[in-house]
1. I want to confirm something. Restricting to the range 80-103 and keeping residues that are within 13 Å of the chain's Cα centre (by Cα) and among the small types (Gly, Ala, Ser), which single residue is surrounded by the fewest Cβ atoms within 10 Å (Cβ to Cβ)?
2. Being among the hydroxyl-bearing types (Ser, Thr, Tyr), modelled with pLDDT of 75 or more, part of a helix (DSSP H, G or I) and surrounded by fewer than 16 Cβ atoms within 10 Å (Cβ to Cβ): is that true of Ser11 here?
3. Let me confirm something: among Ser23, Ser64, which residue is among the small types (Gly, Ala, Ser), surrounded by 14 or more Cβ atoms within 10 Å (Cβ to Cβ), at pLDDT below 85 and in contact with a Ser or Thr (Cβ under 8 Å, 6 or more places away or on another chain)?
4. Any residue in the range 94-113 that is within 19 Å of Phe22 (Cα to Cα) sitting within a Cβ distance under 7 Å of a residue that is among the β-branched types (Val, Ile, Thr) and surrounded by 15 or more Cβ atoms within 10 Å (Cβ to Cβ)? List the pairs, counting only those 6 or more apart or interchain.
5. Of the residues Thr59, Thr118, which is in contact (Cβ under 8 Å) with a residue 60 or more places away in the chain, assigned to a helix (DSSP H, G or I), over 14 Å from Phe20 (Cα atoms) and not aliphatic (A, V, I, L, M)?
Amino acid sequence: MTESIIAPIVSGIAGFICAFLFSGPLYFGLSKFLNLPTQEEKKNLGIRIFLNFCVFLATAFSLSLILQYMSLQNKAHGQSIAFILWFGFIFTSSSIDVIWKGKHLKLWIFESISSLITIQVLMFVLLLFYK
């Protein structure tokens with residue numbers, strides 16, 4: 001029971017930190033090297049950060065529920081499930097922004113890689129709590 005509450009919270013925090021690193025220091029460090037578009041200053045930053053954190057908690061709880069209904073053979077199996085979920089839902093649905101909305105291809109690739117790493121971090125932390 002404890003892992004069903006604590007694990008997603010810890011996972012959500014880890015995913016939030018990972019995403020922060022990608023959207024902040026790493027993005028700005030690579031933006032000139034990869035010629036990525038600059039990010040605009042956002043209003044209501046505190047509310048946006050809180051909502052973004054809530055999104056990571058929801059994602060971590062969703063992954064936790066998936067783990068509870070599956071019998072994993074090993075930890076690598078869990079990481080492969082995270083990859084399949086990322087590829088089947090996040091990667092494919094975010095490609096619509098490039099195909100139809102004119103999003104920069106390099107920015108989309110950067111965001112796709114960061115979301116892949118972030119979902120792997122979420123799953124890795126969850127798997128630390130599950131056998």
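The values are calculated or read from the model by the stated rules, or taken from the named source; none is laboratory data. Here the structure is a predicted model, which is why all the values come from computation and not from measurement. When we count neighbours, we look across all protein chains shown, and the Cβ atoms used for this are built from the backbone with ideal geometry, even at glycine.
1. Taking the candidates together, the pick is Ser94.
2. Here the answer is no, as Ser11 does not meet what is asked.
3. After ruling out the rest, the residue left standing is Ser23.
4. Hits for this filter: Leu105/Val98; Trp108/Val98.
5. Among Thr59, Thr118, only Thr59 is in contact (Cβ under 8 Å) with a residue 60 or more places away in the chain, assigned to a helix (DSSP H, G or I), over 14 Å from Phe20 (Cα atoms) and not aliphatic (A, V, I, L, M).
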